[in-house]
Structures are given as structure tokens and as C-alpha cells.
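A short worksheet on the structure shown next.
The values are calculated or read from the model by the stated rules, or taken from the named source; none is laboratory data. What you see is a predicted model; the values in this text were computed from it and never measured. FYI the Cβ positions are ideal-geometry reconstructions off the backbone, even for glycines, and counts take in every protein chain you see. Protein only, heavy atoms only, side chains kept; ligands, DNA and RNA dropped before computing areas. Shrake-Rupley method; radii C 1.70, N 1.55, O 1.52, S 1.80 Å.
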Amino acid sequence: MSNSFAHNASFSEQILQAGFDMRGLHLIEASAGTGKTYSLQTIFLRLLLEQKIPVQQIVVVTFTTAAAKDLKNKLRQVLQNALHITQNPNAKEYKDYGRISAILNLLDNRAEASKILQTALLDFDLAAIHTIHAFCHRLLNRYAFHAGLSLSNPEVTTSHERIVQLCRDWIRMHQYPGTSNYHKPLNASFTYKNLCELSRSLVQKNNLEMDLIDPGLRQAALEVKKSYEEAARFNEVLSFDDLLANLYRALIEPNIGPTLCQSIRNEFKAALIDEFQDTDPLQWKIFEHLFVRPEQDRPCFIVGDPKQAIYAFRNGDVYTYLEASSKVDNNKRHQLKRNYRSEKAFIAAINKIFADDGNKRTFLHEQITYAGNLEAEGVKPEKALTINGEIDPQPIKWITMDEESLAAQVNEINQAGEQTALEILHLLQDETISIAGERPEPGQIAVLCRTNDECDTVLQALNRLDIPCVRLKGKGVWQSEEAVNFLELIFAVARPFNRNHIFAFMLNPWGALKREQLLTWQDDQEAAQLPYADQACRLLEDKPASANGLTYAQILNLFDSLGDIWLKYGFSSCCQRALQALDLPARMLQETQGEQKLANLKQIIELTQQKLSEQRLGIEELLTWLQQSIIGSEETDESSAARKANDNPAVQVLTIHASKGLEFPIVLVP
């Protein structure tokens, strides 16, 4: 940062010193691997033991649900460690002994610490450790009356999901009343997809240029926007962004704001804000309004690193970080200066690559500086990657391609994927390379790509070399090809005498019918050669019309039989028999990434069965829900995130954004 940091010592040392002032707004700049979570644990422990702030009165927020869950577990763990050490003061072999003993030495009454920790662990489920959106939701529920909002518990969705639902409702109401049809275009411009995109743009921006847009589409989108805003205003259905807007609106409202603010401040005495570089302006305004007041001087620690601000597409705003940091007193600006994750030579190389060159800023902003002075603890020799028994002195390697391969972007991507796969093959086969004394395994290698398409290219290249690989943190299962194929299968089972649905399934990869066969096959002029004919006939207790052949009538009977199984024995039995009749498991396992595709299909069936059990949907309702799940799958929740096909070691391929917070022994970046 352009403002100098006040201390030469690292923050992890300062926070253990007796004279450290916890009051007011503090900024902690924490580069990757420098012990940020460790420092948050220390702050939390000191607030609890020294400041005597109860665990439920300390707000801790971070950026993602997974990060909040992980942080909660680690904060609980440090409390358990501290309790163990207070009860066993001579347990010097305990890994946290040094830090916890240093904090206990700051206390006037060490005997009281054990009681405080026991109470904190009993009350820990009440701790306010959330994402920022979840924290706002908690406040809106708790203080709905104070804020003048609905006392009912509103449904919370992503703004995308809510807009998609409103667009479907509008089309059904105004164009196809009484039906579930919302896909049929009204004209070349007025399509369901265009309505969703325009409505979303209108919700996000008020000054959108609309002159050249189809009048009917424009009017529909404006009505969708109006419905969206009305639902949010009355707190009936909220998006995550609505949570922020409603809370901030209530906080600054002259009549109710002061009382609401005071109630929240009475409940929470300190705040820790993690991943602050990904905070947006409205989020910061809320926390500033509640916890950063000159007259209060209550502890508020913001932790982040502007060099890691990569979530602008999720409204993360590094300028919010820079503005907030400018308000922090110089003696309350801190740094974590030592990396504990990487090899010393790696950190030295990073310092050299990214260090500013005089007044030229590597990160292209005057306030985001990097002096190239990050220290490194290093990796223990017995755990390091070695070549011929020696730690690699050059852990960062550049692999360049010739100019011909850079001629076209598609060729560049393909060449990079092939080169990456070959490099991984070399790493796995080279007997001189070892990690912790053992040959590298595929599971110790990660490939970071810029886009999902590049991930797919790398996966294909790895599969061609028979290198085990898996797509990590990729698209959700509803965004997969298997979801679309499954939807067409269920439509065919639910409506076996609707030719459009039968044809749609038969022409997809699972149906395996060739397009040139369609005309003669649908008139029962000839049987189609299909790879699952024998299995299908076993279900039908029939014989193939010819070698591996099925007629149109036999396919109709197949789907009619599957429909009967659904009605008599349930959805799961129907799916099981469908997979057997179509020989899907065996066929999918023969494809590239076949294990993962089969795992996706099983997860889709599981999610569908779960939905049926929870809401007892009819067949038509289920078809609508499946369509909505696929169309509205832009944002992936935890339940629909694609699972790994198996636990076997495999090269992990993921986007750079998805890799944030993870670590791997070997990383390639094509």
C-alpha cells in the first residue's frame, strides 16, 4: 500500500504483545500463505479472554459459505486447544502451547480463563460466524420489527434465480396462460432467454439504453423488474443483494435507523472481516455504519490483500478496500510478512517477478504496491519436492511454445493443453523427482486454467495419455450434458406417445439413433441399430427386430413400460431400470471422463429423488422443476456441485478463480 505500515514486526508477533491496543479499526494485509487464519484465531482468542467479549458478541464474516464453515471449525479448535492448555499448564508439547501461553500471560486472572473458555465452547453454536449476506439475513430476521420489514421469514434466492422465475411467470401469464410452456419464442427478438438477460440487466442498472430493443420485450422486462423490486421491498422474496440493500436502507432511515443501529451495537461488541479485498461498497457501508464510529472505538479488524482481488464479477471491489484502508490510523496498519506454505526459492522467485520497478506498479495501481520483501519459512526438507535428492533451486519454470503454435487462439489453447499433459507425464515418469521421498502421484498435481473451456481441453489431453484426472470445483451437475440428456429421458418416459420427446431423446448421445435413420425408423420401415437393443428387449421380454436392432414400436413400448414402473414402484426404480435397459453405465464408462459423467448422472437422480420426497411433486411438476434446475443453474450451490467420481489419486484441473485458498505440491498454469 502507498501508506507505510507502522511496525517492522509481523502482526503475528504484535498481537501477542502486552501493549497491543485492540480498540478501533485495524487493517491487516495478509499475502497468501502468511498465516491469516492463524492470526484471526489469535485475535478471536484475545477478544474473548482479555477483553471478555462473549463468543456470541464477536461478528466474524468472510466471503464464501465454505470459507465461513472452515473458519468456524478452526475458531472452535483454537478454543478447545486453549481450554486444554489452561487445564494442563505443563503440556508444552502441545502444538499451540507457545501462542496460547503468551495470551494467558497477558491476563490478570488466569484461573478465570478456563471458565470463559468452557462457556464459549458451550455457546459456540450461537457465534455469529457467517458470510456477509448470511449475517445481514440474520439481522433482518432478528430486527425485522425495528427495521419496519415483514415479520415472516422471507425466501432467499440468488437474484438470478428470482429473475428467471419471474420471467417464466410473466410468459405463462401473458402469452400461454394455463400451460407450462415458456420456451416458445414470441418473435425473433422476444425469446425467454432474451427476456431473462434484459430483466437481469435492468435490475442491476437503471440507466440502460432501451431504444433499439423490441417494444414487447422491453415492456415485459420492465414489468419483471417492477415485480422483482416489489417483492424485495416488502421482504417477501429476497436475493442476496436485496439483503444488503434492505439492511442498509433501514440503518440510514432517519426514524428507525438510530434505534436499529444501537440495538445491533448492543448485541455485537467486535467485528472481524475476512477477505476484505472482495467486499463491495454496500457491504462496507453497513459494517462502517455499525462498527467504525469515532465515538465507539470498538475492535474492528479488516483482513485482506488487494493483490488477491479477483472477484469483480461477483461485485468484489478493490477500490472499497483502498478507500477503507485510507481511514485506518498508521499505527493500526499491520502486515503478515512471512509465508509458511511455500519453498524459500519459490517465494524468492515470486518476489523478483512481482516486485515494483521503482515507481512502476506491478499491479497497475498507485496504491497497490509490492516491495518484493515477503519472507519464507520454507518447507521442511523431508516434505519438499526434490530432484536427484536435492531441493529444486528453480521451482518456477517457464515453458514457451514456438510462434507457429501461437498463430490462432484455438491452436494456442490446444497446444497449451497438449504441452501441459506431456509435462505431467514427464513428472510422473521421471525417477529422479520425488516428494517427501516418494514418486509424485497424479493427486499431487493441479492444473489452473483461465476458463472452463481451457479446463476441458486439458482434461481431453490428459485422457489421451491415460493420466487420471478430475475436474475440481467445475460446473454444477445441472450445467452438465448429463442433465440435459436426463431431462430428455424423463420427458420420453413421462410422455411416451409424444413423438417430439421420443425423437429428442433418441437423437441425443444416450438414445444413439443416427439422424439419417430417423425418417425410415419412425415409420417402422426398418429397425435401428442401437448399442442397447439386447438390454432393452430383456426389459420388454421381447426379441430384437434384427441383430442389435429396435423398431420405433419397440422404443415406444420401452418408454411406456418405464412409465408403468414409475407409477407402480416409484421414480428410483424407474431410473434404475432405464439405466439397465439403455446399458448406460457400461456405455458411459467407455467415454472420455466416463466415470465423472456416470457420477454426475447418479447425483442428478439423487437430487431429483430428494426433491420428490421433500415436496411430493407430480410428474408434470417434476418436469417443470428439472427444466428450471437446468435453465437456472448459472450459480452452483453446495448440493449440486459435481462430486468426484472416485477417491483415486487424479490430476486436479480447475479454474484460477476456483483455486483460491487451495494448495498443491505441483501446479501448472497453461
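Summary table below
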quantity	calculated
Rg over Rh, two decimals, region 267-352 (C-alpha only, Kirkwood Rh)	1.04
Value of D in µm² per second that Stokes-Einstein yields for region 1-130, Kirkwood Rh from Cα pairs, at 37 °C (0.692 mPa s)	211 µm²/s
Where labels lie 7 Å past Cα in the beta-carbon direction, separation of T451 and N498 in nm	3.5 nm
Linear extension gain, I252 paired with K115, 0.36 nm per residue minus alpha-carbon span	45.4 nm
Förster radius 25 Å - calculated FRET efficiency between D211 and A245, Cβ distance, rounded to 0.05	0.35
Sorted peptide list for 13-20, 342-349, criterion being average Cβ within 10 angstrom, highest first	342-349, 13-20
Solvent-accessible area, 1.4 Å probe, carbon plus sulfur percent, for the chain	48 percent
Nitroxide proxy distance, nm - points 7 Å out along Cα→Cβ at N414 and R361	4.1 nm
Per residue accessible area of the chain, 1.4 Å probe, in Å²	50 Å²
Relative contact order %, region 269-397, counting alpha carbon pairs below 8 Å whose residues are six or more apart	22 percent
The chain, helix-only ellipticity at 222 nm - DSSP H runs n ≥ 4, -39,500 (n - 2.57), divided by all residues, nearest 500	-15000 deg cm²/dmol
Distance between modelled label sites at V669 and K352, nm, 7 Å Cα→Cβ extension	1.6 nm
Full-extension gain in nm, Q628 to N331, via 0.36 nm per residue minus C-alpha separation	101.6 nm
Among [x] 91, 72, 55; [y] 108, 67, 54; [z] 98, 62, 39, the entry derived from the coordinates for Cα extents along the principal axes in Å	[x]
Percentage relative contact order, the chain, counting C-alpha pairs under 8 Å, at least six apart	16 percent
Accessible-area value, H137, 1.4 Å probe, nucleic acids and ligands omitted, Å²	40 Å²
Additional length obtainable on full extension of the chain from R138 to K226, 0.36 nm per residue less Cα span	29.1 nm
Residue-wise HN-Hα coupling along region 604-610, computed from phi with Karplus coefficients 6.51, -1.76, 1.60 (Hz; x: Gly, Pro)	4, 5, 4, 5, 5, 4, 4
Residue pairs, from the table K92/K383; K36/K307; K344/K383; K36/K95; K225/K285, whose Cα atoms sit over 20 Å apart	K92/K383; K225/K285
The chain, dipole about Cα centre (Lys/Arg Cβ +1, Asp/Glu Cβ -1), debye to the nearest 20	1900 debye
Pairwise centroid distance, computed over Cα atoms, of region 80-138 with region 438-458, Å	39 Å
Calculated FRET efficiency for the pair Y340/H657, C-beta based, R₀ 25 Å, to 0.05	0.60
Estimated FRET transfer efficiency when R0 is 56 angstrom, pair L122-D564 (beta carbons, to 0.05)	0.50
